Amino acid sequence: MNGSLIGHITKASNEELEFKEVAAFPLTTEDIDETLKRVQALIDAGFNNVVLFYYPRDWRIGEVIWTPSPQNILPLKEKYTSASAVTAVELDKLRNQLTSEDICMIFLLIDAPEDQLMAYQHTQRSNFITHAGINKLQGAIKLAQILNFDLSQSLGAGDTPMDTFLSGVGLAVIVGGLELDLRGLTNTIRLSSSTELGLLLYKAYELAH
């Protein structure tokens, strides 16, 4: 959730995994209105293949998808099978839905050719929207405070530019071949696969014990 929802994954009495929230930073009404203004501007500019994913604070609801085109509902359901719902309500109704509950993150996806995107002011194909100042680094800092440990003395692993917490840990581990402009406070290493990461974590556990 890009730092906007923090908690523990625990095992319930029925052996199912469940999420226990310890902190959340929902979007404000202003955040939502600003996002929907962008959506309306994109639609007005002819971008009909706009897809908006939103993630409520209540993790049990899961991922909800909105499209401005009702004919896209079935294809989106088939493509994103993890979504709990796909809707195509009017934008005003979408706003009412988004502001009636706590929404922690919105992901805006624009399915359009690169040359068309470059000709318009919104040039990013995808956008993760959280409350101002909230990202994975801020989430990691908050979690370290809650769990009472020194983030600068920890190890963190990531593989995307969104993994900003890597700049707050002591040892940053970058997994995969993607070039990231993120560095650990003490050192940074690169691993080629999750298998190598598993071996590193196992070795780190051995050293700590």
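The values are calculated or read from the model by the stated rules, or taken from the named source; none is laboratory data. Here the structure is a predicted model, which means the values were calculated and not measured. Every residue, glycine as well, gets a Cβ built from its backbone with ideal geometry; the counts of neighbours run over all protein chains shown.
Things to note:
- Breaking point among (1) modelled with pLDDT of 95 or more; (2) of a type outside the set (Asp, Glu); (3) more than 12 Å from Leu108 (Cβ to Cβ), for Thr10: (1)
- Considering (1) of a type in the set (Asp, Glu); (2) at pLDDT 95 or above; (3) within 30 Å of Gln40 (Cα to Cα), the lone condition that Asp150 does not fulfil carries the number (3).
- Candidate set from the stretch 86-115 (those that are modelled with pLDDT under 95 and in contact with a helix residue (DSSP H, G or I) (Cβ under 8 Å, 6 or more places away or on another chain)); member that is nearest to Phe128 (Cα to Cα): Leu108
- Residue check, Val86 β-branched (Val, Ile, Thr), within 17 Å of Asn127 (Cα to Cα) and within 19 Å of the chain's Cα centre (by Cα): no
- For the stretch 163-180, the set of residues classified as modelled with pLDDT of 95 or more, out of contact with any Ser or Thr (no Cβ under 8 Å at 6 or more places or on another chain) and assigned to a loop (DSSP other than H, G, I, E, B) consists of Asp163 only.
- Those residues of the stretch 10-32 which are touching a residue at least 40 places away in the same chain (Cβ under 8 Å) and either surrounded by 14 or more Cβ atoms within 10 Å (Cβ to Cβ) or in contact with a strand residue (DSSP E or B) (Cβ under 9 Å, 6 or more places away or on another chain) (or both), in sequence order: Phe19, Val22, Ala23, Ala24, Phe25, Pro26, Leu27, Asp31, Ile32
- You will find that of Val50, Val64, Val86, the residue that is touching a residue at least 24 places away in the same chain (Cβ under 8 Å) and either closer than 29 Å to Lys136 by Cα or touching a His at 6+ places or on another chain (Cβ under 7 Å) (or both) is Val50 and no other.
- Scanning the stretch 42-53 for residues that are closer than 24 Å to Leu17 by Cα and assigned to a strand (DSSP E or B) turns up at least one hit.
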